[in-house]
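See structure below.
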Amino acid sequence: MKTHYFIAGMVLGLIGMSACGNQKQTQETPVEAVATWDNYPVGHIVFDDQAPQTEGSKIYHRIVTDPQSYIAEQARAVLATLYDSPNDSIVPVDTIHYSLEDIDGISAKDGGNGVVSIFYSTRHIEKSFAQNDTAKLFFETRGVLLHELTHAYQLEPQGIGNYGNSRVFWAFIEGMADAVRVANGGFTADARPKGGNYMDGYRTAGYFFVWLRDNKDKEFLRKFNRSTLEVVPWSFNGGIKYALGDQYDIDELWHEYQVAVGDIQETK
């Protein structure tokens, strides 16, 4: 089945290092963890610049001189965040078609059955480079790429429908993609949304998942990803119990998180 996952418009301009309110700053995936994946076949990467005449294309090539190697490097960071080792049950990816396109939006992943397509908008590149800040654009480009590559390699919930017809499925998919981006330092310190609910997906869920990793179990993201293989039909509460233990409840953890990051005040 083909999937078509988008970066939400809400992430425009959000780049840099992550933090959860008054919690300690989230650290990037250790280099040694990524090195474990050095020989893992991330898939044949086909880079296709479909908009070479655009200013965005020219800017991209100035900051990313070897797209295939750069994409492979970020793919290994994603794999190191989602899985324990190359021996795990990993989604097979044979080919990644990565294209620059002169279209609206930011980026999206499409495809399935081992063949993945990701586009990156040259118009978004131009907007991100409006102040001629190369470091800012490079950080944004990496963050967006981490999100989309997560869609290529992450496991998917079973027994509850699909991305298009199940909000639980959608919230897990987009929440985990932004969790990987958060875990690898892909957002600014003020990028965490306040309030909301984990069912909102994207950053709202992503920062929550990383908080669970930092405060409950350092293996949480990997266990939560794997829960989709073990908990069928999948649910948030089922995934939480698989990853952390039967004593935990998703809504209670969400409340604890909201108190911890200062979004709500505990009543006495």
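Computed from the coordinates by the stated procedures, all read-outs in this text should not be read as laboratory data. Just so it is clear, the structure is predicted and the values come from calculations on it, not from any experiment. So basically every Cβ, Gly included, is an ideal-geometry build from the backbone, and we count neighbours across all protein chains shown.
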Inset, instruction - Give the angle, between 0 and 90 degrees and rounded to the nearest 10, that separates the Cα long axis of helix 67-82 from the longest principal axis of the Cα atoms of the chain. - result: 10 degrees
Inset, instruction - Express in nm, to one decimal, how much length is gained between residue 133 and residue 53 on full extension, taking 0.36 nm for each residue of separation and deducting their alpha carbon distance. - result: 26.7 nm
Legend entry - Gained length - residue 218 relative to residue 266, 0.36 nm times residue gap less alpha-carbon distance: 14.7 nm
Inset, instruction - Normalising by the residue count of segment 161-213, find the relative contact order in percent from Cα pairs under 8 Å and 6+ residues apart. - result: 41 percent
Legend entry - Share antiparallel - DSSP beta bridges, the chain, percent rounded to 5: 45 percent
Legend entry - Simple spin-label estimate for residue 65 and residue 190 in nanometres, 7 Å along Cα-Cβ: 3.5 nm
Inset, instruction - Quick one: angle between helix 134-153 and the longest Cα principal axis of the chain, in degrees between 0 and 90, rounded to 10, please. - result: 60 degrees
Inset, instruction - Go ahead and run the numbers for FRET between residue 158 and residue 255, Cβ-Cβ distance against an R0 of 35 Å, rounding to 0.05. - result: 0.80
Legend entry - In nm, spacing of pseudo-spin labels at residue 84 and residue 237 (7 Å Cα→C-beta vector): 2.7 nm
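Inverting the mean 1/r over all pairs of different Cα atoms, compute the Kirkwood radius of the chain and quote it in Å.
Working: mean 1/r = 0.0534 Å⁻¹.
Result for the chain stands at 18.7 Å.
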Inset, instruction - Return the calculated 222 nm mean residue ellipticity for the chain, to the nearest 500 deg cm²/dmol, obtained by summing -39500 (n - 2.57) across DSSP H runs with n ≥ 4 and dividing by the residue count. - result: -14000 deg cm²/dmol
Legend entry - segment 127-247: relative contact order as a whole-number percent, Cα under 8 Å and 6+ apart: 25 percent
Inset, instruction - Considering only DSSP beta bridges where both residues belong to segment 76-191, give the percentage that are antiparallel (nearest 5). - result: 45 percent
Inset, instruction - Answer with one residue from 115, 185, 171: the one whose Cα lies farthest towards the positive end of the charge dipole of segment 61-190, charges on Cβ with Lys, Arg +1 and Asp, Glu -1. - result: 185
Inset, instruction - For the chain, with a Gaussian network of springs between Cα atoms less than 10 Å apart, report the residue from 90, 125, 71 with the top mean-square fluctuation. - result: 90
Inset, instruction - State whether segment 81-223 is rounded, prolate or oblate according to the following rule on the C-alpha gyration tensor (a ≥ b ≥ c being the square roots of its eigenvalues): a/c under 1.5 gives rounded; otherwise a/b larger than b/c gives prolate, and the remaining case gives oblate. - result: oblate
Inset, instruction - Evaluate the relative contact order of the chain (contact order divided by residue number), counting alpha-carbon pairs under 8 angstrom at least 6 apart; express in whole percent. - result: 23 percent
Inset, instruction - Two decimals is fine: what is log10 I(q)/I(0) at q = 0.11, 0.23, 0.27 Å⁻¹ for segment 186-268, from a Debye sum with one equal scatterer on every Cα and no solvent? - result: -0.29, -1.19, -1.47
